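Here's the structure, in structure tokens; my notes come after.
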Amino acid sequence: MKIRRIVLQGFFKKEFTQIVRDPKMLFAIFFIPLIQTVMFGLALTSEVKNVELAVLAKPSSRVARDIRARAQASGWFKVADIFEHADPVSLIESRRAEAVLIAPKEGFEKALERGSEPVQLLVNATNAQRAQQVNGYVQQIVAEVAAQRGYDVSSGVIQLDERVLFNHNLDTTSYMIPALMVMSTFIVLLVVCGMAIAKEKETGTMEKLISSPCTVEEIMLGKTLPYFVIGLVIVGLILFVGVAWFGIPFRGSLWQVGVNGGLFALSALAVALIISTVVSTQQQAMMGSMLYLLPGILLSGVFFPVANIPGVFRWMCYLNPMMYSVANFRAVILKGGDMGLFWSNCFWLTVICVVLCTCAYKNFKSTLN
Amino acid sequence: MNKEHKPIIRVENLTVAFGDFKAVDGISFSVERGEIFGFLGANGAGKTTTIRCICGLLNPTQGVVEVDGKDVSSSTLVLKPHIGYMSQKFTLYPDLTVRENLVFAGSLYGLTRAQIKTRAAELMQFIGLTQHLDEPVKLLSGGVKQVVALAATLLHNPDLIFLDEPTAGTSPATRADFWRLIRTLAQNGKTIFVTTHYMDEAEYCGRIVLMERGKIIAAGTPQALKKQFFPQPPVELLFKRPEQARVRAELKARNIASAQMFGDALRAEVQDAARFDKYTRQNQAIFDVHPAQPTLEDVFLKAVCGREGK
């Protein structure tokens with residue numbers, strides 16, 4: 001195995017010059033991951049927000065007013081109003097409220113004193129998931145108000161003991177951005193590197209590479225190492241935007257991000273190499289990348305928890321390098337130092353990388369046969 | 001490379017098959033050091049496939065391919081630094097400048113930046129393109145692109161140079177320039193292996209091989225080939241009165257000669273000299289007879305027709 005520095009330098013210079021000179025390429029490499037980060041950070045959130053709550057109670061009720069104040073302060077509710085006389089069903093039907101909390105006849109105070117009086121909550125459940133969350137919010141608020149006012153509600157319906165670890169606000173942004181660091185980068189590397197190799201074949205420049213005294217190793221490294229560097233830059237870019245703009249916590253260390261990032265970038269490039277050995281045009285390389293990416297993303301845990309995926313498909317998750325790196329970034333960034341988990345994920349990633357790289361190496365030919 | 005008196009390329013019984021199709025079918029030839037060796041044939045005759053085998057880009061299905069006495073498939077990496085291959089496909093990067101293309105091509109051969117710089121300056125002088133050095137290749141005209149591709153091929157100063165249809169699709173002026181460069185290279189001791197389907201270019205070659213459907217149908221110097229296929233040189237009939245069609249039909253019908261239109265004239269291959277003389281005397285008022293030189297085009301046509309006639 002002969003690898004000359006001068007050859008790799010030549011490749012680096014050439015690949016980067018070609019990228020810089022092609023605005024479409026620059027756009028694909030840096031702008032698309034950024035847009036995805038901002039989209040997932042700002043808009044695409046599974047969190048339930050902007051709930052309209054109505055409380056049916058006497059306006060003089062202290063508890064009702066506390067509930068309103070807490071609801072408004074929580075950030076989950078858009079409005080929270082107290083109505084003395086209103087028809088709860090028509091409030092929901094007219095869409096003036098999404099949830100209506102109805103005080104018992106004698107008022108919240110009496111009911112809470114007794115501790116076991118049911119308090120009715122009407123929720124518009126046309127969206128069941130949303131309704132469940134709204135239900136949870138209201139229960140939590142009522143429980144907090146009761147506790148604050150010194151009522152003992154331990155035996156009643158209003159009984160909540162929920163603790164959320166690592167992501168206290170159950171904030172989807174903090175959860176999604178570490179996954180995006182893998183997903184966006186993987187997409188870019190697979191598509192861009194795969195197409196760059198296919199382009200050499202399509203235009204005939206591959207013949208020039210093969211007719212030169214470059215070894216297979218030099219051509220493979222020369223065509224992938226520049227993209228490896230680009231991959232790490234994208235990972236860093238998304239992490240930076242996540243921390244600086246969206247304020248996600250960063251509890252791990254940078255070297256962990258580097259190790260995990262390097263390993264999955266390597267796996268992405270190995271897949272790109274394998275695809276490029278079986279295709280001969282850029283269009284085919286694009287198709288090949290898509291064929292890998294769709295199941296690759298769905299079975300990576302980015303959107304659907306791996307634990308919820310049924311048996312046959314879960315096995316495929318375990319073969320997917322994205323799955324390990326997503327888990328690792330989430331753990332490193334949100335949780336910090338669980339070294340056991342980190343190294344076990346890294347280990348499996350390495351195993352997958354070795355297998356993929358061997359396949360790529362075996363298939364990458366130094367002749368046109 | 002050592003300068004012993006041994007052929008620089010030796011091909012014996014080379015066969016390359018893609019599935020059932022034999023692109024090259026059992027050919028043998030050798031190339032001497034310092035000669036311009038022409039490889040002629042129509043598209044699909046197997047020229048490029050043969051070159052790819054000699055350059056180590058393709059493994060032969062059967063046969064021996066030796067360069068400088070070494071088997072190509074087993075010592076590819078040793079031989080490649082001495083070989084320059086200009087592919088039929090355009091192998092420069094259009095988005096890079098001429099200089100950037102040369103630098104990259106040089107780095108593939110392990111040349112340092114300083115070496116590339118000196119060599120590029122020399123080559124640009126040689127091909128006369130100094131003013132284009134910092135232009136993106138995609139903005140150059142077709143002919144200039146080919147010449148730049150040649151420069152990229154010569155960058156590492158190879159002894160054996162393969163040019164696969166270097167002048168295809170370029171203007172006559174560019175072709176003439178290109179051949180001037182090729183001759184200069186040969187004078188400097190390089191071995192040039194060139195394919196073309198322009199028969200007039202083949203006249204510049206020291207020796208040529210004609211290929212047709214994977215087989216060699218003729219080989220030798222241009223002069224020898226002309227002698228071989230035209231033991232009697234053809235004659236040209238220059239007309240004083242426009243009766244070419246009638247004369248041609250008569251010559252053919254009476255089996256005196258086969259004639260082809262050649263501009264205003266007829267070019268005839270005499271089959272029966274005595275009767276041809278008689279016919280000429282009878283028609284003195286209509287045409288004059290002049291001796292003519294057969295071209296390689298004629299040779300090629302005859303060689304191909306001869307095979308198809310079999």
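The values are calculated or read from the model by the stated rules, or taken from the named source; none is laboratory data. Nothing here was measured: the structure is a model prediction, and the numbers come from that model. Backbone-built Cβ (ideal geometry, glycine too); neighbour counts: all protein chains shown.
Can you tell me which residue among A:Pro305, A:Pro310 is within 17 Å of the chain's Cα centre (by Cα) and more than 14 Å from chain B (Cβ to nearest Cβ)? First the steps, then the outcome.
Details: A:Pro310 fails: within 17 Å of the chain's Cα centre (by Cα).
From the options A:Pro305, A:Pro310, the qualifying one is A:Pro305.
Out of all the residues in the stretch A:327-342, which are at pLDDT 85 or above and either crowded, with 16+ Cβ neighbours inside 10 Å or outside the structural domain of A:Gly301 (by TED's automatic domain parsing) (or both)? Within the stretch A:327-342, A:Ala327, A:Asn328, A:Phe329, A:Arg330, A:Ala331, A:Val332, A:Ile333, A:Phe342 qualify. Check the stretch B:118-130 and report whether any residue there is assigned to a strand (DSSP E or B), on the phi > 0 side of the Ramachandran plot and surrounded by fewer than 18 Cβ atoms within 10 Å (Cβ to Cβ). Within the stretch B:118-130, not a single residue is assigned to a strand (DSSP E or B), on the phi > 0 side of the Ramachandran plot and surrounded by fewer than 18 Cβ atoms within 10 Å (Cβ to Cβ). Kindly indicate the residue of the stretch B:12-24 that is aliphatic (A, V, I, L, M) and more than 30 Å from B:Gln187 (Cβ to Cβ) and also farthest from the other protein chains (Cβ to nearest Cβ) among those meeting that condition. Going through the qualifying residues, I end up with B:Val24. Residues that are hydrophobic (A, V, I, L, M, F, W, C) and either within 23 Å of the chain's Cα centre (by Cα) or at the interface with another protein chain (Cβ under 8 Å from one of its Cβ atoms) (or both) within the stretch B:65-78 comprise B:Val65, B:Val67, B:Val72, B:Leu77, listed in sequence order. A Cβ distance below 9 Å, combined with a sequence gap of six or more or placement on separate chains, defines the contacts here; from the stretch A:210-221, residues that are facing another protein chain (nearest Cβ under 10 Å) and in contact (Cβ under 8 Å) with a residue 40 or more places away in the chain reach residues that are part of a helix (DSSP H, G or I) and among the aromatic types (Phe, Trp, Tyr) in the pairs A:Glu218/A:Phe11; A:Ile219/A:Phe11.
Within the stretch B:91-128, the set of residues being under 27 Å from the mean Cα position of the chain (by Cα), at pLDDT below 90 and facing chain A (nearest Cβ under 8 Å) comprises just one member, B:Thr91. Here B:Ile27, B:Ile36 are screened, and the one residue that is among the β-branched types (Val, Ile, Thr), more than 13 Å from chain A (Cβ to nearest Cβ), crowded, with 20+ Cβ neighbours inside 10 Å and under 23 Å from B:Ala149 (Cα atoms) is B:Ile36.
Please verify whether B:Ala42 is within 30 Å of B:Thr15 (Cβ to Cβ), more than 14 Å from chain A (Cβ to nearest Cβ), surrounded by fewer than 17 Cβ atoms within 10 Å (Cβ to Cβ) and of a type in the set (A, V, I, L, M), treating the condition exactly as stated. Don't jump to the end; show me each part of the working.
Working: within 30 Å of B:Thr15 (Cβ to Cβ): yes; more than 14 Å from chain A (Cβ to nearest Cβ): yes; surrounded by fewer than 17 Cβ atoms within 10 Å (Cβ to Cβ): yes; of a type in the set (A, V, I, L, M): yes.
Yes: the conditions hold for B:Ala42.
Only a single item in (1) exposed (fewer than 13 other Cβ atoms within 10 Å of the Cβ); (2) assigned to a helix (DSSP H, G or I); (3) in contact (Cβ under 8 Å) with a residue 40 or more places away in the chain is not met by B:Arg246, and it is number (3). Checking B:Gly110, B:Gly106 one by one, the residue that is part of a loop (DSSP other than H, G, I, E, B), in the same structural domain as B:Leu40 (by TED's automatic domain parsing) and out of contact with any Asp or Glu (no Cβ under 8 Å at 6 or more places or on another chain) is B:Gly110 and no other. Could you run through the stretch A:10-28 and say how many residues are surrounded by fewer than 16 Cβ atoms within 10 Å (Cβ to Cβ) and facing chain B (nearest Cβ under 8 Å)? Here the count works out to 2. Considering the stretch A:255-342, the qualifying helices (runs of 4 or more DSSP H), each wholly inside and each with 3 or more residues that are touching a residue at least 12 places away in the same chain (Cβ under 8 Å) and within 26 Å of A:Lys201 (Cα to Cα), run over A:282-298.
Within the stretch B:178-215, can you find the residues that are in a helix (DSSP H, G or I) and under 21 Å from B:Gln228 (Cβ atoms)?
Within the stretch B:178-215, B:Met199, B:Asp200, B:Glu201, B:Ala202 meet the criteria.
Condition check for B:Gln62 on (1) within 14 Å of chain A (Cβ to nearest Cβ); (2) surrounded by 22 or more Cβ atoms within 10 Å (Cβ to Cβ): one failure, at (2).
All of (1) surrounded by fewer than 18 Cβ atoms within 10 Å (Cβ to Cβ); (2) in a helix (DSSP H, G or I) hold for B:Phe300 with one exception: (1). Within the option set B:Ala120, B:Ala149, being touching a strand residue (DSSP E or B) at 6+ places or on another chain (Cβ under 6 Å), under 23 Å from A:Glu15 (Cα atoms) and among the small types (Gly, Ala, Ser) holds for one residue only, B:Ala149.
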